[in-house]
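Student: If you scroll down you'll find the structure; I have some questions about it.
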Amino acid sequence: MPQKLFLFFSIPLLFLTMVACNNAPSATQNAAIEDAPTTPAEVKDMVSWYQYDQNNEDPASDERVGNEYLRKTIPQFNKEFEGKWNWINQPKAFDKIIPEVVAAVQSGAEVPDIFIIFNNQSIVTFHRHGTLQDLGDWAQAQPWFKDLDPNALEACKGPDGSLYCIPIAERPQFVYVWKDYFPNGYPQTPAEFMTEAERLKNDGVYAITFFGSTDKGGTGLTRAIWTTIASFGGVLDDGQGNMLLDTPENIAAIEFLRQIVAKGYAPEVAFAGGFQEEGAFKDASAASFPTGLFGYRYLNPLTAPSGKQYAKGNAEDAPDAVAAGDLTLSPFLAAAGQKPGCNIGIAGLAIPVGAKNVEGAHDYINWLMSPAQNADWVLGPGGGFPALQSARSAEVFQSPFYQEAARAIEASACRPWHGSLARPQEAQELIMRTVYKLIKEDPTADIAAALIQTQDEYNSEQ
């Protein structure tokens, strides 16, 4: 009986074994399978818009620091994401990125996958036009999210509370000062400033240079003009979305600026446009320059009052001058009862509606948030303090330059210039044209009347 059972089960098993052997691929067939070409994954372009041009190697270019940054990092990114993403940057003019992104989204044209946000007022403009994707849910799922400075996050939010950009650098403003020209420190009051300015004028030196033109869409308002207005306790809005210019504080601030210009304490180049006002500080013909922390990217090469040169021609020149004791960073002056004022903004990245490669944009942001890349972006395109709080302990941010910057900001009352204004770009251009007229074109015009006319023009179009 056992023998019969054995034969009963063995015969089918033998049959199955023979069939399997006949159907098994030969060694030659196996080799052919292994050698068969596989379809490579499609490499997708990840398109960015920056105001920097990686192909511009002109050492005299005003954006040479950003140009060099892209030239260095685009190959790094493409190597790290080889076979997946190919980063392509399409350079755009500094003052054209915002309107071009808005127009492209509205018309359904090609948009970048990601682009730089270089001022937080643009978030208000983009929100009005429905330009940007809400990044809130995605960002909150990333490991770096909880490390972001809450103030930087707020600056990237629209009026509806949605997160429309990822902040990477915070950009406060203060004053770059040639220390030798102010042996007792930078003036703390308007009266002290006028006294020092007259002394410097007698020595053939301008006390200050600043962005005083209407160039670049009125961006000068966001720098020295707002710094002055805020330092006198002024405002540009009523907190309810209306423009408010006709205040005693604003009038006093404009009178102060008017005196600086009328008495020859500022160079004519302050009104030339094209960022030419920087030149007067770089050659030490002007003693101070109120601008953003990001100014170190452009203030090079430098010649100190002593004649000592800082001529690397890159973003290290200004920090080197601070470390050597020739250059210092200071809060602006302030009227009685006020703290020095200044604008504060962020630099970060946003993804427009209609972007084709959102996944690539996400990978790019995560790449920039890594310790290996974050500081380079902050020092390059960012031009500020890291928005990642843990990154602030990096050695590069412990330099004398950053220590002095931190002290200047701590002594100031920085806030976004646009307040509750819903049309900041329009407001910026209107106000800057008015200020320019009052301090340069028609210094005898009635200040209050001009301010009322400007605010009424803006408010009538709401």
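The values are calculated or read from the model by the stated rules, or taken from the named source; none is laboratory data. Not measured: the values here are computed from a predicted model. All Cβ positions, glycine included, derive from the backbone under ideal geometry; neighbour counts span all protein chains shown.
Student: Looking at Asp317, is it of a type outside the set (A, V, I, L, M), surrounded by fewer than 18 Cβ atoms within 10 Å (Cβ to Cβ) and either at pLDDT 95 or above or not assigned by TED's automatic domain parsing to the domain that holds Arg223 (or both)?
Tutor: Judged against the criteria, Asp317 is not a match.
Student: Another question, then. So which of Ser412, Ser393 is surrounded by 18 or more Cβ atoms within 10 Å (Cβ to Cβ) and either out of contact with any helix residue (DSSP H, G or I) (no Cβ under 7 Å at 6 or more places or on another chain) or farther than 24 Å from Ile114 by Cβ (or both)? It would help to see each step written out before you state the result.
Tutor: Details: Ser393 fails: surrounded by 18 or more Cβ atoms within 10 Å (Cβ to Cβ).
After ruling out the rest, the residue left standing is Ser412.
Student: Moving on to the next point. When only residues in the range 41-66 that are over 21 Å from the mean Cα position of the chain (by Cα) and touching a residue at least 60 places away in the same chain (Cβ under 8 Å) count, which is farthest from Pro99 (Cα to Cα)?
Tutor: Among those that are over 21 Å from the mean Cα position of the chain (by Cα) and touching a residue at least 60 places away in the same chain (Cβ under 8 Å), it is Pro59.
Student: Working only within the range 325-376, note down all residues that are among the acidic types (Asp, Glu) and part of a helix (DSSP H, G or I). Before you say what the answer is, go through the steps one by one.
Tutor: Going through the range 325-376, the residues among the acidic types (Asp, Glu) turn out to be 326, 359, 363, 376.
Result: Glu359, Asp363, Asp376.
Student: Same structure, new question: Criterion first (assigned by TED's automatic domain parsing to the domain that holds Thr189, crowded, with 19+ Cβ neighbours inside 10 Å and not hydrophobic (A, V, I, L, M, F, W, C)) does Gly295 satisfy it?
Tutor: Working: assigned by TED's automatic domain parsing to the domain that holds Thr189: yes; crowded, with 19+ Cβ neighbours inside 10 Å: yes; not hydrophobic (A, V, I, L, M, F, W, C): yes.
In short, yes.
Student: Now, a different point. Looking at Val47, Val65, Val19 in this structure, which one is surrounded by 15 or more Cβ atoms within 10 Å (Cβ to Cβ) and modelled with pLDDT under 90?
Tutor: On the way: Val47 fails: modelled with pLDDT under 90; Val19 fails: surrounded by 15 or more Cβ atoms within 10 Å (Cβ to Cβ).
Of Val47, Val65, Val19, the one residue that is surrounded by 15 or more Cβ atoms within 10 Å (Cβ to Cβ) and modelled with pLDDT under 90 is Val65.
Student: For Asn242, all conditions in the list (1) polar (S, T, N, Q); (2) within 26 Å of the chain's Cα centre (by Cα); (3) surrounded by fewer than 18 Cβ atoms within 10 Å (Cβ to Cβ) hold save one; what is the number of the exception?
Tutor: (2)
Student: To continue, here is another question. Examine the range 224-232 for a residue that is outside any helix (DSSP H, G or I) and at pLDDT below 95, and state whether such a residue exists.
Tutor: no
Student: Condition first: touching a Cys at 6+ places or on another chain (Cβ under 8 Å), farther than 30 Å from Leu302 by Cα and surrounded by fewer than 24 Cβ atoms within 10 Å (Cβ to Cβ). Now tell me which residues in the range 320-359 satisfy that. First the steps, then the outcome.
Tutor: Kept after step one, since they are touching a Cys at 6+ places or on another chain (Cβ under 8 Å), are these residues of the range 320-359: 331-332, 341-344, 346, 348-350.
Within this subset, residues satisfying the condition of being farther than 30 Å from Leu302 by Cα are 349-350.
Correct list: Leu349 only.
Student: Scan the range 66-123 residue by residue and report those that are part of a loop (DSSP other than H, G, I, E, B) and either more than 23 Å from Arg297 (Cβ to Cβ) or small (Gly, Ala, Ser) (or both).
Tutor: Step one: of the range 66-123, the residues part of a loop (DSSP other than H, G, I, E, B) are 81-84, 90-96, 108-113, 118-120.
Listed by number, the residues that qualify are Phe81, Glu82, Gly83, Lys84, Ala93, Gly108, Ala109, Glu110, Val111, Asp113.
Student: Return the only residue of Phe256, Phe281 being out of contact with any strand residue (DSSP E or B) (no Cβ under 8 Å at 6 or more places or on another chain) and under 17 Å from Tyr186 (Cα atoms).
Tutor: Values: Phe281 fails: out of contact with any strand residue (DSSP E or B) (no Cβ under 8 Å at 6 or more places or on another chain).
None of the others qualify; the one that does is Phe256.
Student: Out of the range 68-87, which residues are within 30 Å of Asp215 (Cβ to Cβ) and surrounded by 18 or more Cβ atoms within 10 Å (Cβ to Cβ)?
Tutor: At the first step, the residues of the range 68-87 found to be within 30 Å of Asp215 (Cβ to Cβ) are 68-74.
Listed by number, the residues that qualify are Glu68, Tyr69, Leu70, Thr73.
Student: I'm checking my understanding of the structure. Among residues of the range 134-185 that are among the acidic types (Asp, Glu) and modelled with pLDDT under 95, which one is nearest to the chain's Cα centre (by Cα)? Walk me through how you get there before you give the answer.
Tutor: Looking only at the range 134-185, we keep the residues that are among the acidic types (Asp, Glu), and these are 134, 137, 147, 149, 154, 160, 170, 180.
The next check asks that each one be modelled with pLDDT under 95; those that pass are 149, 154, 160, 170.
Working: Asp149: 16, Glu154: 15, Asp160: 22, Glu170: 8 Å.
My answer is Glu170.
Student: Counting residues that are assigned by TED's automatic domain parsing to the domain that holds Ala334 and farther than 20 Å from Ser213 by Cα, which helices (runs of 4 or more DSSP H) fully inside the range 378-462 reach at least 3?
Tutor: Details: elements: 400-410, 424-436, 447-459.
Here the list reads 447-459.
Student: If you don't mind, there's one more thing I want to ask. Could you identify the single residue in Thr189, Thr219 that is assigned by TED's automatic domain parsing to the domain that holds Ser285 and under 18 Å from the mean Cα position of the chain (by Cα)?
Tutor: Working: Thr189 fails: under 18 Å from the mean Cα position of the chain (by Cα).
Only one candidate qualifies: Thr219.
Student: Pull up the range 67-103, narrow it to residues that are polar (S, T, N, Q) and touching a strand residue (DSSP E or B) at 6+ places or on another chain (Cβ under 6 Å), then point me to the one that is farthest from Arg128 (Cα to Cα). Give the steps one after another, and end with the answer.
Tutor: To start, the set of residues in the range 67-103 that are polar (S, T, N, Q) comprises 67, 73, 76, 78, 86, 89-90.
So of that shortlist, the ones also touching a strand residue (DSSP E or B) at 6+ places or on another chain (Cβ under 6 Å) come out as 78, 86, 89-90.
Details: Asn78: 35, Asn86: 32, Asn89: 26, Gln90: 25 Å.
Here the residue is Asn78.
Student: Okay, next question. Tell me yes or no: at least one residue of the range 172-186 is in contact with a Phe, Trp or Tyr (Cβ under 6 Å, 6 or more places away or on another chain), closer than 24 Å to Phe401 by Cβ, assigned by TED's automatic domain parsing to the domain that holds Asp442 and part of a loop (DSSP other than H, G, I, E, B).
Tutor: No: the range 172-186 contains no residue that is in contact with a Phe, Trp or Tyr (Cβ under 6 Å, 6 or more places away or on another chain), closer than 24 Å to Phe401 by Cβ, assigned by TED's automatic domain parsing to the domain that holds Asp442 and part of a loop (DSSP other than H, G, I, E, B).
Student: Exactly one condition in (1) buried (at least 16 other Cβ atoms within 10 Å of the Cβ); (2) in contact with a Phe, Trp or Tyr (Cβ under 7 Å, 6 or more places away or on another chain); (3) of a type outside the set (Lys, Arg) is not met by Gln90; state its number.
Tutor: (1)
Student: Only one residue in Pro319, Pro305, Pro290 is assigned to a loop (DSSP other than H, G, I, E, B), in contact with a strand residue (DSSP E or B) (Cβ under 9 Å, 6 or more places away or on another chain) and within 19 Å of Asp180 (Cβ to Cβ). Which one?
Tutor: Values: Pro319 fails: assigned to a loop (DSSP other than H, G, I, E, B); Pro290 fails: assigned to a loop (DSSP other than H, G, I, E, B).
One residue alone meets the criteria, Pro305.
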